[in-house]
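Accompanying notes for the structure given below.
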Amino acid sequence: MFMKQSLKKYFFEGNQRSIRTKKNIAASIVIRGCSMGISFILVPLTLQVISSTEYGVWLTISSFIGWFSFFDIGLGNGLRNKYAEALAKNEIREAREFISTTYAIMVIIAIALTIVFFIANLMLDWTVIFNASPTLSTDLQLLVPIAFVFFAMQFVIQLITTVLLADQRSATNNLLGLIGSILTLLGILIIRHYNIQSLFTMGFVFTVSPLFVLFIAHIYLYSSRYKHLSPSLKYVKFSHAKNLVNTGLQFFIIQIAVLILFSTSNMIISHYFGPDEVTSYNIALKYFGLISSIFILIATPFWSAFTDSYHRNDLDWIRKSIRKLILVWIALCCVAFVMLMSSEFVYSIWVGNTVHVSFSISTAMFIFVVLSSWNSIFATFLNGTGKIRLQLYSALFVSIINIPLSIYLLGIFGLPGVIFSTIICVGIGSVWAPIQYYKLINNSAKGLWAK
């Protein structure tokens, strides 16, 4: 009885913004827990369907196509902030105009990217680019273009997730991801059952499943909960493009820098060590990524909540929230250390002898997730308030040094050197981000710190 009353008080009493945030976090933890469970099941199951080398090739393809998602020029994040600001002012029509305008621009970008891709596709040999066996040539020539077309469609309709996040409904967004993961799992099971496994069929399942879920969600939400905000040509106002792009372009440049920082690792490892080592790297990343995923799902609801509270000058709520996030980070660091100590045992159960992940790779990945989670605390606040100029300059700097630093360090440490390079780059943000937060929250930020 006491527990029931305590839970009721925690989730249903107090500041409405806090209640909404707590509900989203609790639901997201359950949903993402299920998603992570499926993700862990998918790895050994996929390795039963295709070889470790083919899986490494697929991971590299995913990273490559994922690069193009950053060509939204930051419009998704720009919409997220502008939409949340409009709601804080109760300007519904303006919110719908921002949504419609963003959709229009994204459609134009998606069409342009698709045209450029198919022109380039005529001249490219994907087996050379991905350092893959010539026997995979047919699969790659079919899979890469199809995966890109699905990506281009998802590029536009995934804006529904931005609306959900801006509306402080991150749990619903995570639910869509869970449904997509379930469909992917079912697809892989069907492939195995009917013995039609190949790189192409596996890649097709991984790309079409999330697209199908987003398509259904898009239709349903814009005909029900968000009917009053549904995108329409008559609400497209390209005059809003400047407002969206001013904020979005900074996010875009940061995203490109983050792309170079995180997504080039697969390409570098594949080039210098081969696709098999890409699999080893990603096994460790997926394992320790549990910590990052948990922390991100906890921090995500705070982005738009910080936007709302900052524009309402509710700084006390922000201070309390940051302190709570730091406590969560400390707890997760302890969990990550336990994971490190038991990593070899977990790998042996999880993937057996099919993939070997050294303890040095696990140690480097442990340090990386601890630092990146720390950065997420303050980046969430800075992103929500739009004070991202310093983050922009820092991201540009680390994106320039990351690739040469990775190549230099891999010559000394081998594969872990690639992760060490990322750690150094992430470590820079771990210093200045909390300083900027404290300056902003205490109204002492000046110059670059206030932009």
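The residue list N195, N173, N243 contains one member that is outside any helix (DSSP H, G or I) and among the polar types (S, T, N, Q), which is N195.
Here S224 clears all of (1) part of a helix (DSSP H, G or I); (2) over 30 Å from S406 (Cβ atoms) except the condition numbered (1). Looking across segment 61-83, the residues that are at pLDDT 80 or above and buried (at least 20 other Cβ atoms within 10 Å of the Cβ) come down to I61, L75, G76, N77, G78, L79, R80, N81, K82, Y83. Checked against (1) at pLDDT below 90; (2) over 17 Å from the mean Cα position of the chain (by Cα); (3) farther than 18 Å from S230 by Cβ, V116 passes all but a single condition, namely (1).
Just one residue in the set L189, L164 is among the aliphatic types (A, V, I, L, M) and either touching a Ser or Thr at 6+ places or on another chain (Cβ under 6 Å) or free of Cβ contacts under 8 Å to residues at least 40 places away in the same chain (or both); that residue is L164. The condition of being assigned to a loop (DSSP other than H, G, I, E, B) and surrounded by fewer than 19 Cβ atoms within 10 Å (Cβ to Cβ) does not hold for T363. What are the residues in segment 298-317 that are under 19 Å from the mean Cα position of the chain (by Cα) and over 20 Å from V163 (Cβ atoms), if any? Scanning segment 298-317 gives a single hit, I298. Name the single residue, out of those in segment 208-237 being modelled with pLDDT of 90 or more and of a type in the set (V, I, T), that is farthest from the chain's Cα centre (by Cα). It comes out as I219.
Each row is one residue, and each column tells you yes or no for (1) acidic (D, E); (2) over 24 Å from T60 (Cβ atoms); (3) assigned to a loop (DSSP other than H, G, I, E, B).
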residue	(1), (2), (3)
N266	no, no, no
D276	yes, no, no
T279	no, no, no
F288	no, no, no
S292	no, no, no
A299	no, yes, no
Y310	no, yes, no
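Among the conditions (1) touching a helix residue (DSSP H, G or I) at 6+ places or on another chain (Cβ under 7 Å); (2) surrounded by 14 or more Cβ atoms within 10 Å (Cβ to Cβ); (3) assigned to a helix (DSSP H, G or I), the only one that L448 does not satisfy is (2). Confirm whether M153 is part of a loop (DSSP other than H, G, I, E, B) and either modelled with pLDDT under 80 or surrounded by fewer than 20 Cβ atoms within 10 Å (Cβ to Cβ) (or both). So M153 does not fit the description; no. All conditions but one from (1) modelled with pLDDT of 85 or more; (2) of a type outside the set (A, V, I, L, M); (3) over 24 Å from D167 (Cα atoms) apply to C34; the one that does not is (3).
If I filter segment 240-265 down to residues being under 17 Å from the mean Cα position of the chain (by Cα) and of a type outside the set (A, V, I, L, M, F, W, C), which single residue comes out as farthest from E97 (Cα to Cα)? Per the stated criteria, the residue is S265.
The values are calculated or read from the model by the stated rules, or taken from the named source; none is laboratory data. Small disclaimer: the values here were computed from a predicted structure and weren't measured. Note: ideal-geometry Cβ built from the backbone for every residue, glycine included; neighbour counts use all protein chains shown.
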